[in-house]
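Worksheet for the structure shown next.
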Amino acid sequence: MDCNTQNTTKPPCSDASSNSAMDDVMSFVVTGNASPLLHEIKHALSQLIREGSESIIDLGAIPFAPGDDRILEEVLGAGEVHAVLSLQGESHVRETSIPGVWRVDHFDENGEQQSRFIEITFLPEILKTQREDAERGLETLAERLGALEDNR
């Protein structure tokens, strides 16, 4: 559709439709960094399996275009686990279809993305219970069991 066409009964192109079209076009623009990144992920996954060494890749530190993101998403796919943590914004932790490879995205209170990572690990640190939390949990459970026994 020609947005500059005159004498038409259709409304002129809106910013929303042109933005959507531009987003679609831009989703194919690449920097060429997706393939090297995927090789880095493959190497890190090999290290995790052989040596147990975990890796974190800061996607914000790599020049990436929307097409690179698209390639990354298509190659890694979506796995079975998706956790959302709410603390000073939201953190989304998603397993990819490649076991041991996770996407971790952090958003502020306004929903703006603050950081994004690929973690190569058996379980991302953010999902692990911290020792202090487990200690508080033990105290809480002991109190609740005590209250339950007192009510018998």
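Which of the residues spanning segment 16-67 are at pLDDT below 90 and aliphatic (A, V, I, L, M)? Selection gives Ala16, Ala21, Met22, Val25, Met26, Val29, Val30, Ala65.
Of all residue pairs spaced 6 or more apart or on separate chains, those with beta-carbon atoms under 8 Å, a first member in segment 104-129 that is over 24 Å from Ile49 (Cβ atoms) and loosely packed, with under 12 Cβ neighbours inside 10 Å and a second member that is of a type in the set (Gly, Ala, Ser) and modelled with pLDDT of 95 or more are Thr129/Gly137. Could we say that Gln88 is of a type in the set (S, T, N, Q) and at positive phi here? Yes; evaluated as a whole, the condition is true for this residue. Figure legend. Inter-residue proximity from segment 61-78: first residues in a helix (DSSP H, G or I), second residues among the basic types (Lys, Arg), beta-carbon distance below 8 Å, spacing 6+ or different chains. Indicated pairs: Leu76/Arg103. Might you check whether a residue that is among the charged types (D, E, K, R), part of a strand (DSSP E or B) and either at pLDDT below 95 or closer than 23 Å to Asn33 by Cβ (or both) occurs anywhere in segment 96-106? There is at least one residue in segment 96-106 that is among the charged types (D, E, K, R), part of a strand (DSSP E or B) and either at pLDDT below 95 or closer than 23 Å to Asn33 by Cβ (or both).
Do we find that Val75 is aliphatic (A, V, I, L, M) and surrounded by 15 or more Cβ atoms within 10 Å (Cβ to Cβ) in this structure? Yes, satisfied.
The values are calculated or read from the model by the stated rules, or taken from the named source; none is laboratory data. The model shown is predicted, which means the values in this text are computed figures rather than measured ones. Counting neighbours? That spans all protein chains shown, and the Cβs are built from the backbone with ideal geometry, glycine included.
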